[in-house]
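Structure record follows, encoded as structure tokens.
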Amino acid sequence: MKDKKEFLQHISPFNILSDSILSDVSEMMSVKSFKKNETIYVQDKSPIKTVDIIVQGAYKANFYDSNHVLRLEELYNSEDIYGGSSVLLNKQYSIRTVIALEDTEVLTLDKEEFKALCRSYHEFFDFFSDQFGNKMLNDAYAHFVKQNTMFEENFIDADLIFTRKIDTIAPRLLVTCSPETPLHKVAALMRDNVVNCVYIEQDEELIAYVSKDTLIKNALANEVSTNAEVISVAETDVVTISKDALVYEALLALYPSQKEYLLVKDGDKNLGYLSRYRLLTEHAQSPMVFIQSVKLSNTTFELKEKWAKVPEFIESMLGRGVNAEIVNRIISTIADEILSRVINGVINEMPPAPAQFCFMVLGSEGRNEQTLATDQDNAIIYEDKANLQRETVRAYFLEFADRISSRLDDIGFKFCTGGFMAKNPKWCHSLSHWKRNYDSWIAEPAPDQVVKFSTFFDCRFVYGDESLFDELHQHMLDCIDKAPPKFSYNLVSNTLQYEVPLTVFKGIKTFVKNDKKVFNIKHAMSTIVDMARMYALRYKIQDNNTGVRLKKLYQAGHFDESQYKELLNAYYYLMGLRLKNQSTQILRDFTEATNFLELKRLTAVEQATLREIFKFLKNMQWVIKARFNINR
């Protein structure tokens, strides 16, 4: 048949998928042929394993009653799809008997991949659900569909992707060439080796790669000579992953880089490569494919719809025991994708930026620990310009930031009540101004200045010129070396400011809010967050995630094994309760997500666990006081 991808580009709803997704979907499809009058499916007997798209020829689909009398004949012609209803209904068998009216060729898609697409792309699913709904208006059709009550279990197995290692997936053959190889020879290598990606090797090191898409976008579209050296059009950002890493880690590594291919390594040895969609479809996962689907959203309304679906994913994953650390990273990755789409939208509608800039996130998102009760914490760094341009540049980026913040607020990321947003003139500055900020916070380290320094220590690059972020971050680390004793004192004091919610008799201390006895679980977790940040600042641990900080501090000998394990387990146990509570508030209580947890909603075991955690945190506060002589 002709090119599968080209064929699918004209078929609804496959034509709504992104180019890269459609490429990989088409590669996964098989071609099948049937002779004229050949029986393809028998009603209630033939298992439905695929969804079929007719390329040429025709299907005749019939219902038969109990007396084997033919009813409701329906024809499926070229570009029609059969099997979607059976899969979405979770039927084990074909709803109807299907016969090839003539010699027929079809593309088949495995039902699991089909379901993954339906659950991850709203418009894709709506196409089939609307189609089915219209057919169910026919009483006779509805009668035959309802007769078959054999249903498969309907759920997405969320566990495997979070426990399965990369080495369980065989990577594609690694084909290499030198930087000087002409483009036409690279294309021949792809053809002869049946691969979509060729890596470029220099001095026994893989320095870049080129894919079929790269050749189209960077070479053919720009009329580059086929004799040009491949390095001139190659992608130089090679993303690697260890064979011992987990599948979800590989996927999350790909998203920030915007790359489609991942080099798999065993130590220093290169084993081969995997594509983004190969990872997604190896064990189809709605949260992971969902992240990819955000890239297709171009309007604030679409992004708002995407964000509104996140609580369902969170509830599902937590219900299957997925670790809260993983859930945090997925929420943060989704938020990053939404933010990137918003920034791109604003860039496209405004005049070109008058200077290079960097957009960074702070707080929980900066630590990759975002929850469902989230607000905006972000800032902008832009490059220094001549005096005559400074006001113009500043006015541009304040307008730029204001538009971004307004759209994020519309989507569901509320304005920060503390004002830590790029739209606030305090947090939108040139690189030199930012450096002066850090210098002043260190030089006069009053408690509020130390809080600012700590807040911006939990920062993470998201968009723009990363070199600006790197330079400021290095300046921040240099400032720590010059910090006066008072800075350290106030840093430790701020760490101890939150009171662990324990009563005198070691019960859980609550207060009344909206006629409910609650406690603020975010404040309880802040004890651990601040502890890890304080140690990371003192010992210049550059990682910003709380879990990673604790691990690095343990490895450096600042926590013993018992303290490390207790802190890590306590933090993610509390995070799990916090996320579960927030998803329940949104999905069951139909209220906004908050950090107020009602004690009576917890089981006796959960309450007992909380008490033990709070006792341990109280003890850790005493350990810190003693270690840093805070009372002196």
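No value in this document is a laboratory result; all are computed from the given coordinates. Remember, predicted model here, so these are calculated numbers, not experimental data. Ideal geometry is used to build each Cβ from the backbone, glycine not excepted, and the neighbour counts take in all protein chains shown.
Structure notes:
- If you take the Cα centroid of the stretch 223-276 and the Cα centroid of the stretch 576-632, the two points sit 41 Å apart.
- Cα gyration tensor category, rounded, prolate or oblate, for the stretch 390-544 with a/c compared to 1.5: oblate
- Based on the convex hull around the alpha carbon atoms, the chain presents an average projected area of 34.6 nm².
- Taking Lys and Arg as +1 and Asp and Glu as -1, the other residues whose beta-carbon sits under 11 Å from that of residue 29 total -2.
- Taking 0.36 nm per residue of sequence separation and removing the Cα-Cα distance, the residue 390/residue 31 pair yields an extension gain of 123.1 nm.
- Given 540/618; 115/516; 385/423; 295/540, the pairs whose alpha carbons are separated by over 30 Å: 115/516; 295/540
- Legend: P(r) of the stretch 511-627 from all alpha carbon pair distances, 5 Å bins from 0, whole percents, reading 2, 10, 20, 22, 16, 12, 10, 6, 2, 0.
- Label-point separation, residue 193 to residue 432 (7 Å along Cα→Cβ), nm: 5.0
- Rounded to 10°, Cα long-axis angle of helix 19-28 versus longest principal axis of the chain: 50
- Gain in span if fully extended, residue 80 to residue 477, counting 0.36 nm per residue against the direct Cα distance: 136.8 nm
- In this simple spin-label model, placing a label point 7 Å from the Cα along the Cα-to-Cβ direction at both residue 561 and residue 493 gives a separation of 3.8 nm.
- With an a/c value of 1.5 or above and a/b not larger than b/c for the gyration tensor axes a ≥ b ≥ c computed over the alpha-carbon atoms, the stretch 410-486 is described as oblate.
- Förster-model FRET efficiency, 51 Å R0, residue 216 and residue 509, C-beta, rounded to 0.05: 0.25
- Net lengthening on full extension, residue 253/residue 417 (0.36 nm per residue, minus Cα-Cα): 55.9 nm
- The residues neighbouring residue 500, those whose beta-carbon lies less than 11 Å from its own, together hold a net charge of +4 under the Lys/Arg +1, Asp/Glu -1 convention.
- FRET efficiency for the pair residue 540 and residue 516, taken as 1/(1 + (r/R0)^6) with r the Cβ-Cβ distance and R0 = 45 Å, rounds to 0.55.
- The chymotrypsin sites (Phe, Trp or Tyr not before Pro) found in the stretch 459-566 that occupy coil by DSSP, while having at most 15 further C-beta atoms within 10 Å, are 505, 539.
- In summary, the lysines within cross-link reach of residue 265, defined as a Cα separation below 25 angstrom excluding same-chain residues under 8 places away, comprise 165, 212, 243, 551, 552.
- All C-alpha to C-alpha distances of the stretch 162-282, sorted into 5 Å bins beginning at zero, yield P(r) values of 2, 11, 23, 23, 19, 12, 7, 3, 1, 0 percent in whole numbers.
- Angle between the chain longest axis and helix 604-627 axis [Cα atoms, degrees, rounded to 10]: 40
- On Cα atoms only, tilt of 447-457 relative to the major axis of the chain in degrees: 30
- Net charge over other residues, Cβ less than 9 angstrom from the Cβ of residue 403 (K, R count +1; D, E count -1): -1
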